[in-house]
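Taking it in order: structure first as structure tokens, then the write-up.
The values are calculated or read from the model by the stated rules, or taken from the named source; none is laboratory data. Everything quoted here is computed from the prediction, not taken from an experiment. Methodologically, a virtual Cβ is constructed for each residue, glycine included, from the backbone with ideal geometry; neighbour enumeration extends over all protein chains shown. The area values use the complete protein model at the heavy-atom level, side chains included, leaving out ligands, DNA and RNA. Shrake-Rupley method; radii C 1.70, N 1.55, O 1.52, S 1.80 Å.
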Amino acid sequence: RIRIQVINPNTCQAMTKTIGMAAQAAAGPDSEILAVCPSEGVPSIEGHFDEAIAAVGVLEQIKIGREQGVDGHIIACFGDPGLMAARELAQAPVIGIAEAAMHMATLVSTRFSIVTTLPRTLIIARHLLQLYGFSHHCAALHAIDLPVLTLEDGSGAAQRKVRERCMQAIKEDGCGAIVLGCGGMADLARALTLELGVPVIDGVSAAVKMVESLAELGLSTSKLGDLAYPESKPLSGKFQVFNP
Ligand SMILES: NC(=O)NC1=NC(=O)NC1=O
């Protein structure tokens, strides 16, 4: 039995449910999904400041997951907030949905486009492309120019904009695949893939399959070198929760 902790780094319960359901749909019969979000933090992550705040909550959940003995952790926000810090803290694999979706896209296309939320988060996706070495694989980046939480407002407006931008990317970018640039879009990938006839990749599902693969291969986060557990020192104030 593989237990996978899926962390929605923002505090929106509805989005945590959307993400958890997408993860469950992708999970194999022997996998159990534990969908969680921080007890405090930001309701949505739409920039560098939000990411910094959210990262602490991610680390808190990583610590809890490690104490529960989970077999893997997923950071289900397209900025992969706190990813390397989480890998220092974790024993099991930690995968961000941006890196998962980007890796998967390179396996089924020579170039992919990204469709994300607010234009100001495009730079975060660009930075990740550089960090992960996928800049030359990305044909273009698009934003639906709607706040993240409109994906959970029930109007369907954000979902319609995502579909429009995917169709535009396919027409204009010369891309072979699309990466959905938000955890809250996790439930859209399968239907869009069928309708648009090209791989539309959601990072939550991709990360679930990667964690399952790593767990079954007996691979977990290396503790040799820079991903070793953090140097021990007494943390103060609100961070005492991290003291051993
Ligand atoms: N680019 C994004 O929309 N990132 C995100 N903000 C969130 O709150 N969740 C995401 O996936």
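Please give the number of the condition LEU131 fails out of (1) among the aliphatic types (A, V, I, L, M); (2) under 17 Å from the mean Cα position of the chain (by Cα); (3) outside any strand (DSSP E or B); (4) buried (at least 16 other Cβ atoms within 10 Å of the Cβ).
(4)
Looking at ILE62, ILE75, ILE7, which one is more than 16 Å from the ligand (Cβ to nearest atom), closer than 24 Å to ALA228 by Cβ, open to solvent by less than 10 Å² (accessible area, probe 1.4 Å) and among the β-branched types (Val, Ile, Thr)?
Only one candidate passes the filter, namely ILE62.
What number of residues within the range 27-49 satisfy the criterion of being open to solvent by less than 20 Å² (accessible area, probe 1.4 Å) and either of a type in the set (Ser, Thr, Tyr) or not in a loop (DSSP other than H, G, I, E, B) (or both)?
Looking only at that region, the number is 2.
Which residue out of ALA206, ALA177, ALA215 is farther than 17 Å from ALA158 by Cβ, in contact with a strand residue (DSSP E or B) (Cβ under 9 Å, 6 or more places away or on another chain), open to solvent by less than 20 Å² (accessible area, probe 1.4 Å) and more than 16 Å from the ligand (Cβ to nearest atom)?
Sole residue among the options that is farther than 17 Å from ALA158 by Cβ, in contact with a strand residue (DSSP E or B) (Cβ under 9 Å, 6 or more places away or on another chain), open to solvent by less than 20 Å² (accessible area, probe 1.4 Å) and more than 16 Å from the ligand (Cβ to nearest atom): ALA177.
Are there any pairs, at least 6 apart or on different chains, whose C-beta atoms fall under 7 Å, with the first in the range 226-241 and under 23 Å from VAL94 (Cα atoms) and the second open to solvent by 100 Å² or more (accessible area, probe 1.4 Å), and if so, which?
Pairs that qualify, where the first residue is under 23 Å from VAL94 (Cα atoms) and the partner is open to solvent by 100 Å² or more (accessible area, probe 1.4 Å), are SER232/PRO244.
May I ask you to list pairs of residues, at least six apart or on different chains, whose Cβ atoms are under 9 Å apart, with the first in the range 189-215 being farther than 17 Å from ILE7 by Cβ and the second being open to solvent by 40 Å² or more (accessible area, probe 1.4 Å) and small (Gly, Ala, Ser)?
ARG190/ALA25; VAL200/ALA191
Could you tell me whether any residue of the range 12-29 is within 16 Å of the ligand (Cβ to nearest atom) and touching a Pro at 6+ places or on another chain (Cβ under 7 Å)?
yes
Among the residues of the range 120-163, write down those that are without any contact (Cβ under 8 Å) to a residue 12 or more places away in the chain and among the acidic types (Asp, Glu).
ASP153
If a residue must be of a type in the set (Ser, Thr, Tyr) and near the ligand (Cβ under 10 Å from one of its atoms), how many such residues does the range 114-154 contain?
Count: 3.
Spot the failing condition for MET167; the list is (1) away from the ligand (no atom under 14 Å from the Cβ); (2) touching a Lys or Arg at 6+ places or on another chain (Cβ under 9 Å); (3) part of a helix (DSSP H, G or I), and only one is missed.
The number of the failed condition is (2).
Of the residues in the range 78-103, how many are more than 16 Å from the ligand (Cβ to nearest atom) and either hydroxyl-bearing (Ser, Thr, Tyr) or part of a helix (DSSP H, G or I) (or both)?
Qualifying residue count for the region: 6.
So is SER222 in a loop (DSSP other than H, G, I, E, B), out of contact with any helix residue (DSSP H, G or I) (no Cβ under 7 Å at 6 or more places or on another chain) and farther than 26 Å from VAL70 by Cβ or not?
So SER222 fails the test.
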